[in-house]
Amino acid sequence: MHNQNQPQDMSRRKFLTTVGKIGGSAALMSVMGTMGLLSPDTIKASSYTPPGKSDLSLAGRNGKKIIILGAGIAGMTAAYELGEAGYDCTILEARARSGGRIWSVRRGTTIAETGSAKQVARFAPGLYLNAGPMRIPQFHATLDYCRKFGVQLEPFNNVNDNAYYYNENVGTLSGQKIRKRAAKADVRGYISEMLAKAVNQKALDLPITPEEKEKLVQYLRTEGDLDADLFYKGSSRGGYKDEPGGRLDAGVIRDPFDLKAILNSGLGNYFSSEYGYDQQMMMFHPVGGMDAISSAFEKRLGNRIKHHSEVKEIRQSDSGVRVVYTNMQTGQTLELTADYCICTIPLPVLKDIPADFSPAMSQAIRSVNYASAGKIGMQFSRRFWEEDDQIYGGNTLTNMDISSIYYPPTEYFGKKGLLLGYYTFGSNADKLGAMTFKEREDYALKQGAKIHPQYYKEFEASFSVDWKKIKYNLGGWASYSQDARKTYYPTLCKPDRRIYLAGEHLSYLTGWMAGGIESARQVVADIHERVLKA
């Protein structure tokens, strides 16, 4: 029923309290920022404070030793921060390289996924595939270390409205590649038209005044580019069928798609992917590959990282920890002892390593699922997406199994180019991951050619990754169910006597490098406080 009463004013405090209850701290911080209630001091209050060097003498005098398992971003962050405070850290890393999921595949890179033959990257010199992380939001802690270590960054244009949407089996627009700007203009235009007319006809039960309704209609008119009668009849936002030019050439605006066609296409369902908090522009990536970040850490950690060291046992007592590992180059079994251990090994790998965890911790480690994720890098002899389609960075999205195509945000106008032929998750990733490397390549070519017919003529080489079949990962990132967050996550966050867990799986930033960094920083602070109190 329509409320005839004037809407009541809500106090600022009550409003913010309600936002906090519904959306949590992230929503509350966002709204406070919009209202101008966040001062620089307020924002700084939540920033990380490393162990103070004023305490260095105590840490050094006690000679505390820390074993860190895994030289991914979490392990290296922990080693760097603890090293700055005077702790004696050793990282055991099974691979020949550091970085974990930070992995830039270049010419000569080899990998044998579990149950698969060896794959060798044959990319041209200078081209690379970021097989794991490929972008950094501007507010992530990852940028702190890029700034500190002098890692050169450049923009990662996550959004490009000159790229395409392509869906199959969705009505009259099936099998058509449609510029993103056209779909966005039409969906927003039609939806704005319907809402504006409903407001004007008092068809919506809204607790707002007539003046506020007028403001809402004005917003919808602007949002949808509606005419004076609140009709959407197309917009230059969606592009032109004849581009404007010089002198009297005003161009011809494209005709909008039919309302039913655009709604049945499902293209509007893609828009929200750009609105996600961690997907909004700006985004960045290191010049020359994401492994510039792990290389910067390696440079500062030096021989504190022991590569080719596969952990076989994790033991602990009330007085210390002992880790048994195998040198993969010599086959020799070795031991390392320390006061504390920080374990960053992904949980699907950790669950099969004999360890002195409590029953509750062991159960928690076994109970967390990891995401299916896969990528394929595809090298082409010509950057046809730029030359023929005028697409510079961004992505094309589709309901085919390949899900998305990402265009390189670097080396514009170069001769050759390497694009991300698919970046898949869930069942699509499992389907492609079950294929051989050649079958994945053929599948990506077949589906991608529906969008870019230049594929077959220009294709040169590929390299694909299924993260559930990468030996020391066995999954993309932690994928918590609501029940697992409630039941097991608190246990994983607590120290198990002298063993602490860290990594993206010990954060609410799963899958992001910042998740590993943030969790490592908290463990560093916890250990340092424990040492000072001992």
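Each reported figure results from applying straightforward, stated rules to the coordinates on display, with no laboratory input. Keep in mind that this is a model prediction, so the values were computed, not measured. Because the Cβ atoms are built from the backbone with ideal geometry, glycine has one as well, and the counts that use them run over all protein chains shown.
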Where a ≥ b ≥ c are the square roots of the eigenvalues of the C-alpha gyration tensor, would you call segment 434-495 rounded, which needs a/c under 1.5, or, failing that, prolate if a/b is larger than b/c, or oblate? prolate
For segment 436-532, size of Cβ-based charge dipole, Lys and Arg +1, Asp and Glu -1, in debye: 260
What aspartates and glutamates sit close enough to residue 213 to cross-link, taking a C-alpha to C-alpha distance under 14 Å and skipping anything fewer than 8 places away on the same chain? 205
Helix 210-224 sits at what angle to the longest principal axis of the chain, using alpha carbons and giving 0 to 90 degrees rounded to 10? 80
With Cα coordinates, the longest principal axis of the chain makes an angle with the long axis of helix 291-301, in degrees rounded to 10, of 30
Computed over all unlike Cα pairs, the Kirkwood hydrodynamic radius of segment 209-297 in Å stands at 17.7
What percent does the relative contact order of segment 422-534 come to when contacts are Cα pairs within less than 8 Å and at least six residues apart? 14
The distance between the Cα centres of segment 175-209 and segment 380-434, in whole Å, is 31
Quick one: which of 454-465, 191-202, 168-179 comes out on top by average Cβ neighbours within 10 Å, and what's the full order, highest first? 454-465, 191-202, 168-179
Assign unit charges at the C-beta atoms only (+1 for Lys and Arg, -1 for Asp and Glu), then state the dipole size of the chain relative to its Cα centre in Debye, rounded to the nearest 20. 1060
When the charge dipole of the chain is computed with +1 on Lys and Arg Cβ and -1 on Asp and Glu Cβ about the Cα centre, the Cα farthest towards its positive end, among 453, 297, 123, belongs to 297
Mind pulling the per residue volume of the convex hull built on the Cα atoms of the chain? Å³ is fine. 199
Report, in debye and to the nearest 20, how large the dipole of segment 391-487 comes out about its Cα centre when Lys and Arg carry +1 and Asp and Glu carry -1 on their Cβ. 160
What is the Cα coordinate range of segment 460-534 on the first, second and third principal axes, sorted by size from largest, in whole angstrom? 60, 29, 20
In nm, spacing of pseudo-spin labels at residue 310 and residue 203 (7 Å Cα→C-beta vector): 6.6
For segment 200-259, radius of gyration divided by Kirkwood radius, i.e. Rg to Rh on alpha-carbons: 1.15
If N is the number of residues in segment 302-405, what value comes out of its Cα radius of gyration divided by 2.2 N^0.38 Å? 1.73
Relative contact order for the chain: what percent, with Cα pairs under 8 Å and sequence separation of 6 or more? 19
Among 226, 363, 510, the residue whose Cα sits farthest towards the positive end of the charge dipole of the chain (+1 at Cβ of Lys and Arg, -1 at Cβ of Asp and Glu, taken about the Cα centre) is 363
Arrange the peptides 101-109, 358-366 so that the one whose residues have, on average, the most other Cβ atoms within 10 Å appears first. 101-109, 358-366
Calculate how steeply helix 180-200 sits against the longest principal axis of the alpha-carbon atoms of the chain, using the helix alpha-carbon long axis, and give the answer as 0 to 90 degrees to the nearest 10. 60
Tally Lys/Arg at +1 and Asp/Glu at -1 over every other residue whose Cβ is under 12 Å from the Cβ of residue 515; what's the total? -1
Picking from 270, 244, 283, whose Cα lies most toward the positive end of the charge dipole for segment 244-286 (charges on Cβ: Lys, Arg +1; Asp, Glu -1)? 244
Shape verdict for segment 55-153, please, from the Cα gyration tensor: rounded (a/c under 1.5), prolate (a/b greater than b/c) or oblate. oblate
